[in-house]
Structures are given as C-alpha cells and as structure tokens.
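Worksheet: one structure, shown below.
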Amino acid sequence: MGSVGAYGYPAAAVSNKYGYDVPEGVEIRGRFDEEFAKILSKDALQFVAELQREFRDQVKYAMECRKEAKRRYNDGAVPGFDPATRFIRDGDWVCAAVPPAVADRKVEITGPVERKMIINALNSGAKVFMADFEDALSPSWENLMRGQVNLKEAVDGTISFHDKARNRVYKLNDQTAKLFVRPRGWHLPEAHILIDGEPATGCFVDFGLYFYHNYATFRRRQGQGFGPFFYLPKMEHSREAKIWNGVFERAEKKAGIENGSIRATVLIETLPAVFQMDEILYELRDHSVGLNCGRWDYIFSYVKTFQAHSDCLLPDRVQVGMTQHFMKSYSDRLIWTCHRRGVHAMGGMAAQIPIKDDKLANEAAMELVKKDKLREVRAGHDGTWAAHPGLIQICMDVFNNNMNMGNANANAKAANQIESMKREDAANLTEEDLLQRPRGVRSMEGLRLNTRVGIQYLAAWLGGAGSVPLYNLMEDAATAEISRVQNWQWLKYGVELDGDGLGVRVTKELFGRVVEEELDRILTEVGKRNFNTGFYKQASNIFTRQCTSPTLDDFLTLDAYNHIVQLHPIHNKGVISRI
Ligand SMILES: CC(=O)SCCNC(=O)CCNC(=O)[C@H](O)C(C)(C)COP(=O)(O)OP(=O)(O)OC[C@H]1O[C@@H](n2cnc3c(N)ncnc32)[C@H](O)[C@@H]1OP(=O)(O)O
Ligand SMILES: O=CC(=O)O
Ligand SMILES: [Mg+2]
C-alpha cells in the first residue's frame, strides 16, 4: 500500500499535479487523476455537497439512534414491532407500480465495480446486475473512483477491457442486464472528500456522482423512462429509509425528472429492520422496487444485536442456513410484506461458486445452489442473487421452471410472483419466530475456519479486493463479519466447543494459538512469496484485536478503512491546503 496515511493522520508527501476544480467548501484529498477529474467535476461535486449539507444532520441523528438502540439491546431489550407504527403495518396501502424495465428480476448477478467484472456481469444473461460499492468492494480511493469511471462507460455503452495477457477484448453484448448500483451503508465515511471540513458520507459520494453523471443516459438506454435503480444496504430503521427518500426527491428535482423515477430495493439485512419492513416500504413507497433478503449481513446483525445476550450464541457459521427457523421466518415474512405492497421479494446469495478442478465437488456445490434457489422460488421469492456468471443458467432454470407452479390461476410465464404468491400464512409469524435462536453445535473447526477466512478476507480487502474465493465459497464483507463477530461472541462467553466431543472452552490463550496455527496454514496454502507480499500479518493483527476487544466494534471495515486511506496534500484549485 506504499505511503499509507491513516485517516486523520498527516498526508503522504505526494502532490496532485493539476488539482481538482472544486466548489466552495469541498476539498479533495485523494490522488489526482485526469480520468477521476471527469467524474469529480465541479458541478457533480456541488451536487454531492448539496446532499451532504441538506441531509447530514438527519444522518447523524439516525446514527445516534442506532447507538441508543444498541444501548437498549445491551441492557437486555430485544427488537420488536413498534406499536407507534401499527397503523402503517395494518394500513391498506401499496407502493408505486413496478417499472416495466425491471418487472422480471428472476436472476440478479452481483459484483464489485471492477471493469472486467462489470462487462462480464452485464453480459452474463442475468436480468439485473447489482454493481457494488458495498460488501464486495474495498473502498479505496482508486477502487471507488475507477468504479465511477467504469459505471459511466457502462451506462454509455462504451465500456471495454483489453486483457493483454490473454489477448482478449471485452465489450458489451447487444442485450445486457439492467444495472442497479449499491452505494455504501450510512456508517462509512469518505475520508478523501471533505465537505465543510468533514469527511463526506460515503453513500452520498457513491450515489451523488453516479446519479449526476448517468441519470439521463440510464433512463434513455436502460430504464424505459425510469431510473436509475439502486440497492440500499444495512439500514436498521425506517427513519434511514426516509432519508433516502428525501435524497431521491432532491435528486429528481435537481435533474428535473418526475417524482418516482428513481427506484430502489432495500436489503433487509439487519435484525432490527425485519420489524420495520412495512415502515421502510412506506417511507419509500414512491421509489420502491421491493426488498431483498441480505442473509449474510442478517446473520452478522443477529450476533451484533444480541452481543450482550448470553442465551443467543450461534452454532458454527456453516450451520446457520436459511432453513433455521429464524431465517425461514424472515424470508417468509419478507415475501408476504412485499407482495402485499405490490413489489418484488428478492431472495439472497448462496455462497457457492463453481469449483474448477474437482468435478464431483463442483456438482455437489451446484446441487446446493439449486436446492437453495428451489426453496426460494417455492416460498414465493420473485428472483434471486448469483455471485458468479457460471451460476446464472442454473438459477434461471430453477426460477423459470418453478415460478407460479402449483397455482392454477397464475401464468407460469409471468415475470414475477407478486400477484400469485401472497403468502398470507406468513402474516402470523411472531416476534418469537423472528428471533428464535439458531440450533446446532460449535466446533474447533468452526473457530479455525472463522479465523482462517477472516484473516484471509481482511488481507485481500487491505490489498484492494472486496470479494474473494476462499475454500470454494464467495467471501465478502458480510460473510467475513460473521466470522469476526462469532469469534468475538465465543471468546466473550468462553463457550464450550460442544460439537467435537472435546469439551474445550474458547479462551484468549486458545484463540491466540489458533491464530498462530491458522497463519501457518495460510502461509503453506498461499506460499511464502504471496504471504510476504500480502497483508496477512496486518490483517491478523486487526482481526485478532477485533475478536478479543472487550466491546464489539460495530463494523470490521470501519477500523480497517483507516489502513487503506491514502491522503494527498490538497491542491484543489482555489482551495488552500489545511494539512
Ligand atoms: C453478501 C453479499 O453482499 S453478496 C454480494 C456481494 N458479493 C459479490 O458480489 C461477490 C461477487 N462474486 C465475485 O466477486 C467473484 O465471483 C469471486 C471473487 C467470488 C470469484 O471470482 P474469480 O476468482 O474471478 O472467479 P473465476 O476465476 O471463477 O471467474 C471466472 C470468470 O468469471 C468472472 N466473474 C466471476 N464472478 C463474477 C461476477 N460476480 N461478476 C462478473 N464476472 C464475474 C471473472 O471475472 C472471470 O472472467 P474471465 O473468464 O473473463 O476472466
Ligand atoms: O448483502 C447481502 C448480504 O447477504 O449481506
Ligand atoms: Mg450485505
């Protein structure tokens, strides 16, 4: 990472040669690049600054409310339905009609905003591509800005990539997936852009720059008059959805396009949010295209929410699947809620990816994907996520062949199941159903796998890769969070590893040994050269500190972000450096 300057620390002694042309009150502290400067135009930055100024107090308040809720949960409270918003849950309202361009979302591919992957994803045959600034992206200045450049070319239809080593040129097909963009969550700052002396809110940068440069072309080329389309991550309460709704209205006004043009799918991926699904849709009712089961962050959030509840300890990560009662209840209630309100109920990500060098293992992995997707389509989901182009056809076949089956009145060729799979039975799911502790056992191998995966993921993230294949599974920020918080929880409560008959308790000493042994194993697996040039030691230090910390860090990536920030002296035109 060279001249890493931690966020808030003195900047590296490298200057921006030309400088960004910035509006009043905006400072850019990221490296200057002529391509980035086209994205960081004065007008686009002005728009981001307007969003920041108009909504920053609401964001700060929402983050304070998260802290307050955490205090209550840590004092023994549990999340539940809010009596004050019963009228919304009981009310007979629906969201705005689904835009025709995205009526059919049977399979959505996801991936970071990396050039080759964007082209591959758009060409993959999936109905939608969710381009990710979030779980799948390490939010370095380079990744974020290159991501914006890539997305602009993708929307313009001009994006290409030349793989010189393979002498292969990548271009877009005539028919491509519809683009959704997922900005970062509310909690992540953008340290390279200061607005009125404060780091910008990361998602205002992601949303603002993308919207500003692409809304007109997107609506013409992709959205059939609607759009752009977004995925919104990691919200905990409808007040956070209300802020997004305000942001969308502000953007529509600025662009002079009709209210309701922008559409977004909210990921229900925190435990508190499952009790707010109606309220979230209600706040976004003019801008909604549904909800999605963000299963991995949801599991992470279960541990985080119950961090002070010694009776809510998780079994091994591999045992917390969608058939656990609390996960099934969450997915069923999400389907009922979305279909009642006239929008898509999207499924989630199976973590399996194709296994290239082992036919039998690959077949077994693909069977697991099929089974997961079959469960989703039968439950009533309107579409699902795939992590890899090699999974699109498998998922598509399952959805095409099973959607609306067993419903004599439904059209088997329909684009979705919004009208045909109402799932009224899920209306009766209770708070107890949604909170029920997952069943299973804990094992030494579970502790080891968490550690091995957590360290390797973090090493990749520090090196710039936000999603990686590890042990034949897709790992990203959400799955790595589970490894981290599960280790933290087991250490805090000194749990007994009851799954392997050894009766060992998890202590700091045991964990210290496991870290050392797993680092040795990683060294053997990746080789000395990769180990020495990678960020494994740094990752191990961060991961170990977080797992053994007396209080649980809210996010793995908040601390780790300090290590990827690279500040440069400010040479913005018209702005005097304050560093
Ligand atoms: C919990 C959540 O939030 S889920 C959503 C966030 N997570 C993600 O989006 C993860 C998306 N998936 C990925 O990033 C990747 O599939 C990985 C990192 C897991 C594996 O990637 P690789 O190691 O490159 O896989 P592999 O070598 O099999 O790739 C084969 C080809 O498919 C492409 N590919 C793999 N995954 C994707 C993808 N998601 N989108 C587009 N192209 C992809 C590769 O670029 C490669 O292309 P090429 O043959 O033209 O060179
Ligand atoms: O973002 C998706 C998840 O599962 O987390
Ligand atoms: Mg997530």
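The values are calculated or read from the model by the stated rules, or taken from the named source; none is laboratory data. This structure is a prediction, so every number in the text was calculated from the model and none was measured. Every residue, glycine among them, receives a Cβ derived from its backbone with ideal geometry; neighbour counts consider all protein chains shown.
Here are the numbers:
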quantity: Count - residues of the range 255-272 that are charged (D, E, K, R) and either within 12 Å of ligand 2 (Cβ to nearest atom) or surrounded by fewer than 22 Cβ atoms within 10 Å (Cβ to Cβ) (or both); calculated: 2
quantity: Residue count for the range 348-365, restricted to those that are surrounded by 18 or more Cβ atoms within 10 Å (Cβ to Cβ) and either of a type in the set (Lys, Arg) or more than 11 Å from ligand 1 (Cβ to nearest atom) (or both); calculated: 1
quantity: Test: residue in the range 492-510 that is acidic (Asp, Glu), within 14 Å of ligand 2 (Cβ to nearest atom) and modelled with pLDDT of 95 or more; calculated: no
quantity: Any hit, the range 59-72, residues being crowded, with 23+ Cβ neighbours inside 10 Å and closer than 30 Å to GLY25 by Cα; calculated: no
quantity: Positions within the range 74-84 being in a helix (DSSP H, G or I) and either hydrophobic (A, V, I, L, M, F, W, C) or more than 27 Å from the chain's Cα centre (by Cα) (or both), in sequence order; calculated: PRO83, ALA84
quantity: Evaluation of LYS116 against (1) within 17 Å of LYS171 (Cα to Cα); (2) within 16 Å of ligand 2 (Cβ to nearest atom); (3) charged (D, E, K, R) (one fails), failing number; calculated: (2)
quantity: Count - residues of the range 320-361 that are within 16 Å of ligand 2 (Cβ to nearest atom) and either touching a strand residue (DSSP E or B) at 6+ places or on another chain (Cβ under 7 Å) or not polar (S, T, N, Q) (or both); calculated: 19
quantity: First in the range 379-399 and within 14 Å of LEU122 (Cα to Cα) and within 15 Å of ligand 2 (Cβ to nearest atom), second anywhere and in a helix (DSSP H, G or I) and hydrophobic (A, V, I, L, M, F, W, C), Cβ under 6 Å, 6 or more apart; calculated: ALA386/ILE392; ALA386/CYS395
quantity: Qualifying residue in the range 452-469 (condition: away from ligand 2 (no atom under 16 Å from the Cβ), touching a strand residue (DSSP E or B) at 6+ places or on another chain (Cβ under 6 Å) and within 30 Å of GLU363 (Cα to Cα)); calculated: yes
quantity: In the range 109-140, the residues that are assigned to a helix (DSSP H, G or I) and either under 18 Å from the mean Cα position of the chain (by Cα) or without any contact (Cβ under 8 Å) to a residue 24 or more places away in the chain (or both); calculated: MET117, ILE118, ALA121
quantity: Among the residues listed as GLY499, GLY494, GLY454, the single one being over 30 Å from ILE335 (Cα atoms), out of contact with any Leu (no Cβ under 7 Å at 6 or more places or on another chain) and in a helix (DSSP H, G or I); calculated: GLY454
quantity: Complete set of residues in the range 470-484 that are within 16 Å of ligand 2 (Cβ to nearest atom) and in a loop (DSSP other than H, G, I, E, B); calculated: ASP476
quantity: Residue check, ALA345 touching a Gly at 6+ places or on another chain (Cβ under 8 Å), of a type in the set (Gly, Ala, Ser) and surrounded by fewer than 22 Cβ atoms within 10 Å (Cβ to Cβ); calculated: no
quantity: Set ALA165, ALA154, ALA177, ALA136: member being within 16 Å of ligand 2 (Cβ to nearest atom) and either over 17 Å from PHE204 (Cα atoms) or at pLDDT below 95 (or both); calculated: ALA136
quantity: Subset of the range 141-165 that is free of Cβ contacts under 8 Å to residues at least 12 places away in the same chain and away from ligand 1 (no atom under 11 Å from the Cβ) - its residue that is nearest to LEU567 (Cα to Cα); calculated: GLU153
quantity: Which listed residue is farther than 27 Å from ASN362 by Cβ and either surrounded by 24 or more Cβ atoms within 10 Å (Cβ to Cβ) or away from ligand 1 (no atom under 16 Å from the Cβ) (or both), from ARG448, ARG439; calculated: ARG439
quantity: Residue ranges of helices (runs of 4 or more DSSP H) in the range 215-328 with at least 1 members more than 16 Å from ligand 3 (Cβ to nearest atom); calculated: 238-255, 277-283
quantity: Scope the range 454-502; condition crowded, with 21+ Cβ neighbours inside 10 Å, among the aliphatic types (A, V, I, L, M) and within 16 Å of ligand 3 (Cβ to nearest atom); matching residues; calculated: MET474, ALA477, ALA478, ALA480, ILE482, VAL485
quantity: The listed residue being within 28 Å of ALA361 (Cα to Cα), without any contact (Cβ under 8 Å) to a residue 24 or more places away in the chain, among the aliphatic types (A, V, I, L, M) and away from ligand 3 (no atom under 16 Å from the Cβ), out of LEU519, LEU523; calculated: LEU523
quantity: Residues of the range 466-486 that turn out to be near ligand 1 (Cβ under 9 Å from one of its atoms) and either of a type in the set (Asp, Glu) or out of contact with any Pro (no Cβ under 8 Å at 6 or more places or on another chain) (or both), as a count; calculated: 10
quantity: For HIS563: the one exception among (1) touching a helix residue (DSSP H, G or I) at 6+ places or on another chain (Cβ under 9 Å); (2) surrounded by fewer than 22 Cβ atoms within 10 Å (Cβ to Cβ); (3) at pLDDT 95 or above; (4) part of a helix (DSSP H, G or I); calculated: (4)
quantity: Residue check, GLN319 over 30 Å from TYR215 (Cβ atoms), touching a Leu at 6+ places or on another chain (Cβ under 7 Å) and surrounded by fewer than 24 Cβ atoms within 10 Å (Cβ to Cβ); calculated: no
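Per-residue answers, yes or no, for (1) in contact with a Phe, Trp or Tyr (Cβ under 7 Å, 6 or more places away or on another chain); (2) polar (S, T, N, Q); (3) under 30 Å from GLU431 (Cα atoms); (4) more than 16 Å from ligand 2 (Cβ to nearest atom):
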site: ALA191; (1), (2), (3), (4): yes, no, no, yes
site: PRO199; (1), (2), (3), (4): no, no, no, yes
site: THR217; (1), (2), (3), (4): no, yes, no, yes
site: GLN222; (1), (2), (3), (4): no, yes, no, yes
site: ILE243; (1), (2), (3), (4): yes, no, yes, yes
site: LYS253; (1), (2), (3), (4): no, no, no, yes
site: VAL274; (1), (2), (3), (4): yes, no, yes, no
site: ASP278; (1), (2), (3), (4): no, no, yes, yes
site: HIS287; (1), (2), (3), (4): yes, no, yes, yes
